[in-house]
Amino acid sequence: MSSKRFNSMRRFLGVFVGRGEREVRIVMDSEKLGAVMEDKCGVGGGVQDAYGEDRATEDQPVTPWTVSVASGYTLLRDPHHNKGLAFTEKERDAHYLRGLLPPSVSTQELQEKKLMHSLRQYDVPLHRYVAMMDLQERNERLFYKLLIDNVEELLPVVYTPTVGEACQKYGAIFRRPQGLFISLKEKGKILEVLKNWPEKSIQVIVVTDGERILGLGDLGCQGMGIPVGKLSLYTALGGVRPSACLPITIDVGTNNENLLNDEFYVGLRQKRATGQEYAELLDEFMLAVKQNYGEKILIQFEDFANHNAFELLEKYRKTHLVFNDDIQGTASVVLAGLISALKLVGGTLADHTFLFLGAGEAGTGIAELIALEISRKTNSPVEETRKKIWLVDSKGLVVSSRVESLQHFKKPWAHEHEPVKELLDAVKAIKPTVLIGTSGVGKTFTKDVVEAMASFNAKPLILALSNPTSQSECTAEEAYTWSEGHAIFASGSPFGPVEYDGKVFVPGQANNAYIFPGFGLGLIMSGTIRVHDDMLLAASEALAAQVTEENYAKGLIYPPFSNIRKISAQIAANVAAKAYELGLASRLPRPKDLVKFAESCMYSPIYRSYL
Ligand SMILES: O=C([O-])CC(=O)C(=O)O
Ligand SMILES: [Mg+2]
């Protein structure tokens, strides 16, 4: 066939395939489809489509309606392949784009420059968020290139804290689905719902039921912003390709009266299902996910309320590759900060006394991992090492006289002590060297609390972890001012540098965003089938090792996010190494240099040539 004739055929060869009433047009391009790529990392792999994207593998054939090789106007509307003005002259000829674009040809760098310029025109953070979501829906590679190259500036836009406001207003800003909504209406049909998602080679799912979105409480179905944001970070920070990431929101109703009465609310208008009804939906979901994507699919639980978070993790960690970011990711990032802080405060972890405000997923998760690390390092039983760790909840210090009425996850922390109601009194009684806020309640580290910490510690370690910024236990400025410049401070939401007494302090961001992208990459690239607590310790150690003398000099206990891909590769390598050591990694033979391997697996957002 002459190439001219072939080209015109390619343009018009619309093949209709369908299942049931569903029909989708596929444009066949036999010249370019089918270059088999080595499935090197398990992160990409499979067959490349006409534009070099990774598609189905032999194990996971593409169902007919998902192959779409676009050209012309459709190509400009396809966010996975669109390059906008960066289509070259030759590409414009080859893909029927002539006349559909203005004459100027741009580079990806120039596009970035223009976008950063226009983003900076918006004063309202939510407007920047919406602009970034629009970009993601228009030109995915440019979105990731921009995010990777400007990570410190854009993380607070697509992630915490702005994503919190986006969830609160999700009904008003919803445009197009960025993930799957699985509600009680889909009970009995979840496997079918999963098949509706256009991408088939999914490697990581972030799922929420919206009951505890950051420190903002029950946002029901509007919690979708969280899985979407977390998975953007999986790609930007951890290098997992976007088409392998699936955000899911499970909607079992909401107890948030404001949302139930909001005419723009997008979720089910009913009170939350609980008990057996909830458990059955989750069971069906977990089963369907494994059935559809196989044993090695990573499921990250995010922002579930305490009672469900612990139960789901406990239940499914034996049968699935599951990771709870709020319990385990937060624990790992905080432990990393504590390990690196030892360089500034001296001693070993075992020499310190820890007091938490907040005894939920984050608080008890961190406490348990600290106890485990000390137990490993000192060869003492974890029941012993827990004794230097104290928790305060809404009723006061967690003590043994309260044990009967405590939720099960608080019981291990009910030590012998007389009852103490207020945080300030607990600080004075316990005299902790480290104070950690995980209660989701803002402004609880008062001037008195911080002053008390500074009165018996030369360098009090203060971590205000609750998100978003409005829920932070104190601000960076408050911590430095009230401790007269002595505090070592880090927070879950970002704060800018603070000048106190002629010195500039740079607060670190103790956010699980440091951990989960690299952690997930490590699991995926090694084909790990179960998460083990020792992998969390391995991730913490890798992160702590990335803090430099220059960072310490500024009071930082975390490395800057600008190096995050390098850091993620180190975390991934340490996690994978531990998985191999524990016999939980299925990719054999083990790659020799795991750091290099992790780097080689990472998705690059640089445009590909379509010629
Ligand atoms: O999303 C974040 O910034 C950290 C986190 O997991 C939470 O606060 O629930
Ligand atoms: Mg979370």
Contacts under 8 angstrom Cβ, first residue in the range 212-226 being in the same structural domain as HIS307 (by the TED database) and open to solvent by 30 Å² or more (accessible area, probe 1.4 Å), partner within 9 Å of ligand 1 (Cβ to nearest atom) and in a loop (DSSP other than H, G, I, E, B), 6 or more apart: ARG212/ASP303; ARG212/GLY440; LEU216/PRO468
Within the range 231-246, tally of residues that are open to solvent by 10 Å² or more (accessible area, probe 1.4 Å) and either within 15 Å of ligand 2 (Cβ to nearest atom) or at pLDDT below 95 (or both): 0
Helices (runs of 4 or more DSSP H) wholly inside the range 92-186 containing at least 1 residues that are over 22 Å from TYR603 (Cβ atoms) and either within 20 Å of the chain's Cα centre (by Cα) or not polar (S, T, N, Q) (or both): 108-119, 125-138, 151-158, 162-168, 170-173
Positions within the range 470-482 being within 16 Å of ligand 2 (Cβ to nearest atom) and either touching a helix residue (DSSP H, G or I) at 6+ places or on another chain (Cβ under 6 Å) or farther than 23 Å from LYS503 by Cβ (or both), in sequence order: SER470, GLN471
The range 313-335: number of residues that are more than 14 Å from ligand 2 (Cβ to nearest atom) and surrounded by fewer than 22 Cβ atoms within 10 Å (Cβ to Cβ): 7
Odd one out for VAL206, checked against (1) free of Cβ contacts under 8 Å to residues at least 60 places away in the same chain; (2) of a type in the set (Val, Ile, Thr); (3) buried (at least 24 other Cβ atoms within 10 Å of the Cβ): (1)
Neighbours by Cβ (under 6 Å, 6+ apart or cross-chain): first from the range 161-182, touching a residue at least 40 places away in the same chain (Cβ under 8 Å); second open to solvent by 50 Å² or more (accessible area, probe 1.4 Å) and within 16 Å of ligand 2 (Cβ to nearest atom): PRO161/THR469
Criterion: at negative phi, in contact with a Lys or Arg (Cβ under 9 Å, 6 or more places away or on another chain) and surrounded by fewer than 21 Cβ atoms within 10 Å (Cβ to Cβ) - qualifying residue of LYS459, LYS447, LYS410, LYS428: LYS410
Residues of the range 235-282 that turn out to be hydrophobic (A, V, I, L, M, F, W, C), in a helix (DSSP H, G or I) and within 18 Å of GLU311 (Cβ to Cβ), as a count: 3
Given (1) in contact with a Ser or Thr (Cβ under 8 Å, 6 or more places away or on another chain); (2) on the phi < 0 side of the Ramachandran plot, index of the condition THR364 fails: (1)
In the range 551-573, the residues that are over 22 Å from ILE148 (Cβ atoms) and open to solvent by 10 Å² or more (accessible area, probe 1.4 Å): TYR552, ALA553, LYS554, GLY555
Inter-residue pairs, beta-carbon under 6 Å, first of a type in the set (D, E, K, R) and in the range 500-523, second more than 10 Å from ligand 1 (Cβ to nearest atom) and open to solvent by 10 Å² or more (accessible area, probe 1.4 Å), 6+ apart: ASP501/GLY485
Residues being away from ligand 2 (no atom under 16 Å from the Cβ) and open to solvent by less than 30 Å² (accessible area, probe 1.4 Å) - total across the range 352-368: 8
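The values are calculated or read from the model by the stated rules, or taken from the named source; none is laboratory data. Being a predicted model, the structure only gives us computed values, none of them experimental. FYI the Cβ positions are ideal-geometry reconstructions off the backbone, even for glycines, and counts take in every protein chain you see. Surface accessibility is based on the protein's heavy atoms, side chains included, excluding ligands, DNA and RNA. Shrake-Rupley method; radii C 1.70, N 1.55, O 1.52, S 1.80 Å.
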